[in-house]
Amino acid sequence: MEISILQKQLGIYIISVGGAIDSTACRELQKKIESIMDPTTKVILLDLSGIEVIDEGSISILSKIDVFLKKNHTRLFIVKPQERVDNIFKISTLLPHIKMLDNIEEVDKYISNL
C-alpha cells in the first residue's frame, strides 16, 4: 500500500492510497491520519481510487477512523474506489455514514465551496 498526503489548504488534507489495503495496512493509514490531526483539521478526503483490493477488516477500521474524526470535529470523505472495491463498500454498513465523492474533480469542487 502506498500513501501520500497533500495539504490542500489549511485544515483540508487529501490522502491518496494505492495498491491493496488489508487490516495491517489500514492501521498504518490510521496512524498517518492521526499524525496530521490538530485543531485546524476540518476535512480529510481519502482518495481510494487507486485501491485494487480491500478486505472486510479494513472496512471496520475505516469506520473506526470515521468515528475518531467525528469526535475531533473533522469530516471524512472518500473518493470512490474502483468498481470491485466499491462493491465491498456498498455491502458494508460504512457507506451510509461517509460521503462518497465520484472523482478527484468533485473533491476540488467540494473544497472550493468550503
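Annotation for GLU105 and LYS8: the two label points, set 7 Å from Cα along the Cα-Cβ direction, are 1.5 nm apart.
Which net charge results for the neighbourhood of GLU56, defined as the other residues with beta-carbon distances under 15 angstrom from its beta-carbon, given Lys and Arg at +1 and Asp and Glu at -1?
Values: positive: ARG27, LYS64, ARG84, LYS90; negative: ASP22, ASP55, ASP86.
Combined, the nearby Lys, Arg, Asp and Glu give +1.
Only helical runs count toward this figure. For the chain, summing -39,500 (n - 2.57) over DSSP H runs of n ≥ 4 and dividing by all residues gives -13000 deg cm²/dmol at 222 nm.
Excluding ILE36 itself, calculate the net charge of residues whose Cβ lies under 13 Å from the Cβ of ILE36, where each Lys or Arg counts +1 and each Asp or Glu counts -1. Net local charge, ILE36 excluded: +2. Between LYS90 and ARG27, the modelled label-to-label distance comes to 3.2 nm, taking each label 7 Å out from Cα in the direction of the beta carbon.
Structure shown: which of LYS31/LYS64; LYS42/LYS71; LYS64/LYS99; LYS31/LYS80; LYS42/LYS90; LYS80/LYS109 lie over 18 Å apart, alpha-carbon to alpha-carbon? Each step should come with its number before you reach the end.
Values: LYS31/LYS64 12 Å; LYS42/LYS71 11 Å; LYS64/LYS99 15 Å; LYS31/LYS80 22 Å; LYS42/LYS90 25 Å; LYS80/LYS109 15 Å.
LYS31/LYS80; LYS42/LYS90, as the Cα separations exceed 18 Å there.
Once C-alpha pairs closer than 8 Å and six or more residues apart are averaged by separation and normalised to the residue number of the range 14-74, the relative contact order reads 53 percent. Comparing ILE78, ILE51, ILE36 in a Gaussian network model of the chain (Cα springs below 10 Å), the most mobile by mean-square fluctuation is ILE36.
Pair-distance distribution of the chain: all C-alpha pairs, bin width 5 Å, starting at 0; shares per bin in whole percent are 2, 12, 25, 28, 21, 10, 2, 0.
Summary value for the range 2-112: 25 percent relative contact order, contacts being C-alpha pairs under 8 angstrom separated by 6+ residues.
Fewest first, what order do TYR13, TYR110 take by the number of other Cβ atoms within 10 Å?
On the way: TYR13 20, TYR110 16.
Fewest to most other Cβ atoms nearby, the residues stand as TYR110, TYR13.
Annotation: the residues SER23, SER58, SER35, sorted from fewest to most other C-beta atoms within 10 Å of their own C-beta, follow the order SER35, SER23, SER58.
Take PHE89, PHE68 and order them by how many other Cβ atoms sit within 10 Å, fewest up front.
Ordered by Cβ neighbours within 10 Å, fewest first: PHE68, PHE89.
Summing charges over neighbours of ILE21, with a neighbour being any other residue whose Cβ is under 13 Å away from its Cβ, gives -4 when K and R count +1 and D and E count -1.
For LEU46, the amide hydrogen comes within under 5 Å of the amide hydrogens of ILE15, PHE77, ILE78, VAL79, counting only partners 5 or more places away or on other chains and with H modelled in the peptide plane.
Principal-axis analysis of the Cα atoms of the chain puts helix 23-36 at an angle of about 0° to the longest axis.
What you get for the chain, charging only the Cβ of Lys and Arg (+1) and of Asp and Glu (-1), is a dipole of about 500 debye around the Cα centre.
Rule-based calculations on the coordinates, nothing more; no lab input. None of the values given here were measured: they were computed from a predicted structure. When we count neighbours, we look across all protein chains shown, and the Cβ atoms used for this are built from the backbone with ideal geometry, even at glycine.
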